[in-house]
Every structure is written in structure tokens, then in C-alpha cells.
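Shown next, in C-alpha cells, is the structure this report addresses.
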Amino acid sequence: MAGSSVSVWYAASGDCEQVRSGLLGQPANTVSAVGYLVAGGWLLVWVCRRQAAPRRYWWFAAAVAANGVGSGLYHGPGWPGSGWCHDVAAVAVPVFVAADGLGGIRGWDDRMVTRVGLAGTAVAAVGVLARPVTNVAMAAAVAAAVAAEAVLARRSDPRGGRRAGRAVMVATLAVGVTAYLVGRTGGPLCRPDSLLQPHALWHLLTAAAMAAWAADRIAHPAPARTAPGRSSPPGPATGR
């Protein structure tokens, strides 16, 4: 594939796996992207079965599944526009996490959180048309998500109580990030011709982390904002 548009596309990917001819350019990384589709589908079913679940998590489930499509295209055929699909889907997840956390801190209702999440994703979609902007957009979205989650977690659970969903998310994300770093091109575990790719493990573990985060958030919603002189039961407004 030397000299092809696909090989040039992958030149800056840094995902280690050797690019082969055909629709499965990087077989392990392409097939493992199905994990996002499974996680997004499971999450959508899980949300639909819970009438009280805010609708914004439907959009989050769609963003998770979109990572399966984007990663599949990017690591597979590498058609024009595949990188954009991959980057937008990747940035959309931390954007929605940040919007959700900020909404919990500010007391926004479900519609407002959804609008902020979609608006942020739209801005990112335009920005990542310029490839160098992708890293900046991702770093900003992740930083905002981590900050909002940290504040919200402290407010909603000041004693630091343990929750299974949060523990699963942190554990899978920690292992996934490690696999991502050591499996990059030139990394200690990079074996380009192997079908056992650390980047593929990154796909599977981050998919599990996304599903665990949403499930935990739905099961333990942030307290809704209460108007002065009035009381309301805990739980976010659904905006339905």
C-alpha cells in the first residue's frame, strides 16, 4: 500500500498496527471498534428501559456508538473524511461528560445540558476540520470533563463513598490509557504485525468506561436545583 492515500492517512496516526490492503486496514483496531457499538447499543436499551432517565443520555449513547463508526472507518478503509468522523465522535464524549457535570453543578435541566452538549460537539466538529486543532479540542474537552466531574463528585458525595459504576469506570479507563500509551508507535509494546494490539484494548476498555459512567450517573443523579423557599426530591429534571 506504499504511496496510497490510505497509507499516507495512517502515517500520522501513531497507532502502531501495520496497515494492510482491503477494508480492514488495521484489522485488530478496526474490529475492536465494534466495542463502542455494543456499549452504545447496550446503553441506549438501558436508558430506554428507565422512564426517569434524562433524554440527554440517549444522545450520549449515540456519541458512544458513533465512536464505533468513526474508529471503524479510520482504522479500516481510511476513506476521505474518516479521520474527521473519528475525531468528532471522540471529542463528543468528553464534551457531553463536561456538559453533564456542569449542568449538575449549575442546576441546569435536561434540555439545557443537552443543548450545551450538542453545541459543544458542533463547535468541535467545525474545529477538527483542521487536523492540528483535534489535539487541542480533545485536551480542552477532557480537562473540562475531569474538572466538572471532580467538583460534582465532591458535592454529591462529600464523604467519598464508593460506587461500583464509578470504580469500574476509573479502573477500565486507567488500564485503557496505559495500553494506549505503551502501545503507540515506537512504544514498548508496539508490535506492528501482531493482531494483539494495545490500541484495540484501548477501544474495548474506553467503551466499557463510557457505559459505566452513564449507568452510574443515571443511577446516582445530581440533586436538582431547588427554588428559594421550596423543596424538591433529588434527581435531575428530564425535560420531557
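The values are calculated or read from the model by the stated rules, or taken from the named source; none is laboratory data. Quantities reported herein were computed from a predicted structural model and do not represent experimental measurements. All Cβ positions, glycine included, derive from the backbone under ideal geometry; neighbour counts span all protein chains shown.
Put simply, of 2, 28 the only residue that is closer than 29 Å to residue 62 by Cβ, of a type in the set (A, V, I, L, M, F, W, C) and either part of a loop (DSSP other than H, G, I, E, B) or modelled with pLDDT of 95 or more (or both) is 28.
The set of residues from region 58-86 being farther than 25 Å from residue 115 by Cα and surrounded by fewer than 17 Cβ atoms within 10 Å (Cβ to Cβ) comprises 77, 79, 80, 81. Among the residues of region 42-54, is any under 22 Å from residue 138 (Cα atoms), at pLDDT 95 or above and in contact with a helix residue (DSSP H, G or I) (Cβ under 7 Å, 6 or more places away or on another chain)? The answer is no, given that none of the residues of region 42-54 is under 22 Å from residue 138 (Cα atoms), at pLDDT 95 or above and in contact with a helix residue (DSSP H, G or I) (Cβ under 7 Å, 6 or more places away or on another chain).
Given the residues 178, 172, 114, 121, which is the only one that is under 26 Å from residue 17 (Cβ atoms), surrounded by 20 or more Cβ atoms within 10 Å (Cβ to Cβ) and among the β-branched types (Val, Ile, Thr)? Going through 178, 172, 114, 121 in turn, just one is under 26 Å from residue 17 (Cβ atoms), surrounded by 20 or more Cβ atoms within 10 Å (Cβ to Cβ) and among the β-branched types (Val, Ile, Thr): 172. Of all residues in region 60-82, those that are out of contact with any helix residue (DSSP H, G or I) (no Cβ under 6 Å at 6 or more places or on another chain), touching a residue at least 12 places away in the same chain (Cβ under 8 Å) and hydrophobic (A, V, I, L, M, F, W, C) total 2.
Residue by residue, here is whether (1) of a type in the set (Lys, Arg); (2) over 17 Å from the mean Cα position of the chain (by Cα); (3) part of a helix (DSSP H, G or I); (4) within 19 Å of residue 133 (Cβ to Cβ) holds:
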| residue | (1), (2), (3), (4) |
| --- | --- |
| 41 | no, no, yes, no |
| 53 | no, yes, no, no |
| 62 | no, no, yes, no |
| 74 | no, no, yes, yes |
| 80 | no, yes, no, yes |
| 90 | no, no, yes, yes |
| 94 | no, no, yes, yes |
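Criterion first (surrounded by fewer than 17 Cβ atoms within 10 Å (Cβ to Cβ) and modelled with pLDDT of 90 or more) does residue 137 satisfy it? Here the answer is no, as residue 137 does not meet what is asked. In summary, residue 106 fulfils each of the numbered conditions (1) within 26 Å of residue 73 (Cα to Cα); (2) loosely packed, with under 14 Cβ neighbours inside 10 Å with the single exception of condition (1). Against the criterion of being farther than 22 Å from residue 62 by Cα and either surrounded by 13 or more Cβ atoms within 10 Å (Cβ to Cβ) or out of contact with any strand residue (DSSP E or B) (no Cβ under 7 Å at 6 or more places or on another chain) (or both), residue 129 does not qualify.
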